[in-house]
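Beneath this line is the structure, given in structure tokens, with notes to follow.
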Amino acid sequence: MSMCEACSDRMPAVASGQSEWSVAERDHLAGCRDCAAEWKLVSAAAALGRSVAVDPGVIGPRLLERVRAAEHQERRRRWLRRSAQVVGLAAAAALFLMMVPRRGNGPVRQVPVTAASEAADLQLAELDGAAPAELQAVLAEFDEPEVPASALDGPDVEGLDVSQVERALRSWEES
Amino acid sequence: MVAMTESEPLSDASLAAAWRAGDEGAAAEIVRRHAGAVARFLYSSGAGRSDIDDLVQEALFRAFRKLDTWRGEASLRSWLCCIAGNLLKDEYRRQRGRRVVSIQDDQVIDTADPHEEAAANDLEAQLRAGLQSLPRLQREVFLMRAQQGCEYGDIAAALGTTPGAARVHYHHAVKRLKELVS
Ligand SMILES: [Zn+2]
């Protein structure tokens with residue numbers, strides 16, 4: 001490293017008063033116009049704005065108050081966003097649940113699934129100890145459709161051509 | 001509350017960690033340590049004297065709001081100067097190019113000798129005007145180095161460049177300022 005580079009690197013420390021020039025550095029500055037000009041700039045920059053006074057005792061409390069208020073607002077915004085998401089999800093779920101029975105019982109389903117056939121897959125522990133007559137009664141109840149048969153069945157399409165069938169299906173779906 | 005002994009003040013990193021853990025005393029200490037330096041940086045970058053209080057508060061506000069992102073690769077001082085520089089740029093844009101700066105602000109130099117005072121005022125005004133004419137990166141690197149005493153590595157980390165590039169920006173700034181400041 002040249003003496004010019006060494007002096008340049010040391011300038012901020014000397015300008016801020018953390019360090020002092022060595023004799024060799026001082027001699028170099030006295031004889032090197034480049035370094036002397038740089039030193040003039042660095043020492044002026046180090047002094048620049050020293051007369052600008054800010055009071056940390058005033059700024060600090062005001063600043064903390066702002067930071068606290070901003071954080072409070074941020075928490076509130078996050079809470080509102082999360083609440084909106086939950087409400088949105090709940091609405092979507094409700095809409096989905098409203099759609100599901102309609103689709104399941106619509107005309108697409110060619111073979112209506114009886115409650116009894118689904119009941120076969122159910123694990124009903126409370127029926128384990130039931131008497132045969134009780135079981136019969138429960139099974140008979142499962143076999144009863146929950147909604148009137150007319151709603152479960154599709155429209156009567158026998159004897160219609162394709163376009164008539166489509167129209168009938170559409171009007172049944174819209175009903 | 002931060003525990004500080006006179007012989008061994010807490011590092012900026014420890015203060016930042018204490019603030020993140022909810023210690024407001026640590027925040028007050030950070031302000032005490034750096035508010036003056038941020039003010040000088042802003043003033044030297046061209047901010048008007050009457051705007052300094054507001055700008056310092058805004059710069060520190062921005063800093064505290066994202067102190068979590070300061071990982072200590074750059075010194076806190078250089079990181080704060082970088083935020084202050086961005087703030088000044090935003091203000092300049094917000095005011096649609098109108099200078100946020102008043103280079104002709106009255107200089108208040110506390111010196112007994114009127115000739116010395118005039119010379120100091122003249123040099124300060126020239127330097128401030130010269131700094132305004134530099135590209136932003138050169139100005140900020142020069143001030144972080146010459147005024148704030150930051151190392152090139154710190155400056156590079158704060159500005160997202162390399163120490164070598166920071167050194168080059170500094171030397172370009174010095175070269176240009178030598179021509180502008182007599
Ligand atoms: Zn030299």
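Values computed for the structure shown
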| quantity | calculated |
| --- | --- |
| Per-residue ³J(HN,Hα) for the range B:79-91, Karplus 6.51 cos²θ - 1.76 cosθ + 1.60, θ = phi - 60°, Hz, x for Gly and Pro | 4, 5, 4, 4, 5, 4, x, 5, 4, 4, 4, 4, 4 |
| Dimensionless Rg over Rh [the range A:22-78; C-alpha; Kirkwood] | 1.46 |
| Protein accessible area in the range B:9-96, 1.4 Å probe - carbon and sulfur % | 46 |
| Calculated FRET efficiency for the pair residue B:50/residue A:58, C-beta based, R₀ 22 Å, to 0.05 | 0.90 |
| D_trans [Stokes-Einstein, Kirkwood Rh over alpha-carbon pairs] for the range A:54-99, 20 °C, 1.002 mPa s, µm² s⁻¹ | 160 |
| Per DSSP, loop trypsin sites (Lys or Arg not before Pro) in the range A:11-41 with at most 14 further Cβ within 10 Å | none |
| Paramagnetic reach from residue B:125 in the range A:29-61 [backbone N under 11 Å; point 7 Å along Cα→Cβ] | none |
| Student exercise, the range A:46-100 dipole from Lys, Arg, Asp, Glu Cβ charges, in Debye to nearest 20 | 60 |
| Separation in nanometres of the label points that stand 7 Å from Cα toward Cβ, at residue A:1 and residue B:182 | 3.5 |
| Bins of 5 Å from zero: percent of alpha-carbon pairs in the range A:3-51 | 5, 23, 33, 25, 9, 4, 1 |
| Distance in nm between pseudo-label sites at residue A:133 and residue A:98 (7 Å out along the Cβ direction from Cα) | 4.6 |
| Residue-count net charge about residue B:34 - beta-carbon cut-off 9 Å; Lys, Arg +1, Asp, Glu -1 | +2 |
| Cleavage-rule hits (GluC sites (Glu not before Pro)) in the range B:1-84: DSSP loop, at most 10 neighbouring Cβ within 10 angstrom | B:6 |
| Diffusion constant of the range B:116-182 at 4 °C, which comes from Stokes-Einstein with the Kirkwood Cα-pair radius and 1.567 mPa s, µm²/s | 106 |
| Computed lengthening from residue A:40 to residue A:82, 0.36 nm per intervening residue step minus Cα-Cα distance | 9.3 nm |
| Of all accessible heavy-atom area on the range A:54-99, the percent that carbon and sulfur account for (1.4 Å) | 66 |
| For the range B:116-182: accessible area per residue (Å², 1.4 Å) | 41 |
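The values are calculated or read from the model by the stated rules, or taken from the named source; none is laboratory data. As the structure is a prediction and not an experimental result, all values here were calculated from the model. Every residue, glycine among them, receives a Cβ derived from its backbone with ideal geometry; neighbour counts consider all protein chains shown. Just so you know, the surface numbers come from the protein's heavy atoms only, side chains and all, with ligands and any DNA or RNA stripped out. Shrake-Rupley method; radii C 1.70, N 1.55, O 1.52, S 1.80 Å.
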